[in-house]
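The values are calculated or read from the model by the stated rules, or taken from the named source; none is laboratory data. All of these numbers come straight from a predicted model, not from anything done at the bench. Ideal geometry is used to build each Cβ from the backbone, glycine not excepted, and the neighbour counts take in all protein chains shown.
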């Protein structure tokens, strides 16, 4: 415990930032060695493997937090773990709705999968930011298993229904022949800003 208390947040954040930048630096300095054009079938397999791995990680986090809550009563961990249930579900929708996969109720196309992607990334960044204001001993009544689980399943179902059955009501994220829309690009900047704000908030919390 003493060793953990001696770890300061700023050096830890710097280490995490450098580690996160390594893949981008490798791509920048070793373009010719790492650049690879994959055919559609191979890329679809690669995409599914990485996405399903991500989904399994999210579900594992949910399971760990959900079943350990009865022992530790940590509401911060419970909130994050239930958030990862919704993240896993929406990532699964994104993978199944990807162009080239069998139709997910309605025909799949790049816009459909990208709309799911934007939804899950916005949800995850907002969840991480919200978690920075929730403490293990928070006594809010809604910070319990059933309300959080209900909210996660409701939001996941809402995103699924909106993208599948009412795509025209959801801002387009990809237009064939044009590419990514301004909505998709702006959403990415918003997501980045939310994640940076989350880091700053956690740093202030740990200080």
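Would you check if residue 87 is within 21 Å of residue 187 (Cα to Cα) and either part of a helix (DSSP H, G or I) or modelled with pLDDT of 95 or more (or both)?
Details: within 21 Å of residue 187 (Cα to Cα): yes; either part of a helix (DSSP H, G or I) or modelled with pLDDT of 95 or more (or both): yes.
Answer is yes for this residue.
Are there any helices (runs of 4 or more DSSP H) wholly within region 1-44 with 3 or more residues that are over 21 Å from residue 204 (Cα atoms), under 26 Å from the mean Cα position of the chain (by Cα) and modelled with pLDDT of 80 or more, and if so which? Quick ask: steps written out before the conclusion?
Details: elements: 2-6, 9-29, 31-34.
It comes to 9-29.
Could you say whether any residue in region 71-80 is surrounded by 16 or more Cβ atoms within 10 Å (Cβ to Cβ), in contact (Cβ under 8 Å) with a residue 12 or more places away in the chain and not in a helix (DSSP H, G or I)? First the steps, then the outcome.
First pass over region 71-80, keeping only residues surrounded by 16 or more Cβ atoms within 10 Å (Cβ to Cβ): 74-80.
Checking the rest, the ones that are also in contact (Cβ under 8 Å) with a residue 12 or more places away in the chain come to 74-80.
Now drop any that are not not in a helix (DSSP H, G or I), which leaves 74.
So far as region 71-80 goes, yes, one or more of its residues are surrounded by 16 or more Cβ atoms within 10 Å (Cβ to Cβ), in contact (Cβ under 8 Å) with a residue 12 or more places away in the chain and not in a helix (DSSP H, G or I).
Go through region 29-55 and count every residue that is under 30 Å from residue 152 (Cα atoms) and either touching a residue at least 40 places away in the same chain (Cβ under 8 Å) or touching a helix residue (DSSP H, G or I) at 6+ places or on another chain (Cβ under 8 Å) (or both). Write out each step before concluding.
Going through region 29-55, the residues under 30 Å from residue 152 (Cα atoms) turn out to be 44-55.
Now drop any that are not either touching a residue at least 40 places away in the same chain (Cβ under 8 Å) or touching a helix residue (DSSP H, G or I) at 6+ places or on another chain (Cβ under 8 Å) (or both), which leaves 44, 47-48, 51-52, 54-55.
The qualifying residues number 7.
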